[in-house]
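Just below is one structure, and these are the notes that go with it.
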Amino acid sequence: MEEAHPITSFVVRCTCINVQEETGKKLWRIKVKHVQGEEEISVQSMEDMVMYMKRVLGE
């Protein structure tokens, strides 16, 4: 019989909250929900999103 592997799921919602006129750079609100843990955080960068996901995954 095969060993079951745990599943960890995330829902990610990205919302552009502003665009800097001088540079055209977009500022984001990124909401990340860990489905199994029912925890949701809000960050402003993809790097912070990945750090959170790695922490949840134990990496």
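The values are calculated or read from the model by the stated rules, or taken from the named source; none is laboratory data. The structure displayed is predicted, hence computed values, not measured ones. With ideal geometry, Cβ positions are generated from the backbone for all residues, glycine too; neighbour counts draw on all protein chains shown.
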Can you confirm whether segment 11-18 contains a residue that is under 16 Å from the mean Cα position of the chain (by Cα), among the charged types (D, E, K, R), in a helix (DSSP H, G or I) and surrounded by 10 or more Cβ atoms within 10 Å (Cβ to Cβ)? no
Any idea which residue in segment 1-10 is farthest from Gly58 (Cα to Cα), counting only those that are part of a loop (DSSP other than H, G, I, E, B) and of a type in the set (A, V, I, L, M, F, W, C)? Met1
The condition from (1) out of contact with any Ser or Thr (no Cβ under 9 Å at 6 or more places or on another chain); (2) at pLDDT below 95 that Cys14 misses is numbered (2)
Scanning segment 48-59 for residues that are over 9 Å from the mean Cα position of the chain (by Cα) and at negative phi gives Lys54, Arg55, Val56, Leu57, Glu59
Flagged in segment 34-59 as under 14 Å from Ile7 (Cα atoms) and surrounded by 13 or more Cβ atoms within 10 Å (Cβ to Cβ), in numbering order, are His34, Met53, Val56
Need pairs with beta-carbon distance below 7 Å; first residue in contact (Cβ under 8 Å) with a residue 24 or more places away in the chain and within segment 36-59, second assigned to a loop (DSSP other than H, G, I, E, B) and among the aromatic types (Phe, Trp, Tyr); sequence gap 6+ or separate chains. none
Residue list for segment 42-59, filter: over 14 Å from Ser9 (Cα atoms) and either among the basic types (Lys, Arg) or in a strand (DSSP E or B) (or both): Ser42, Val43
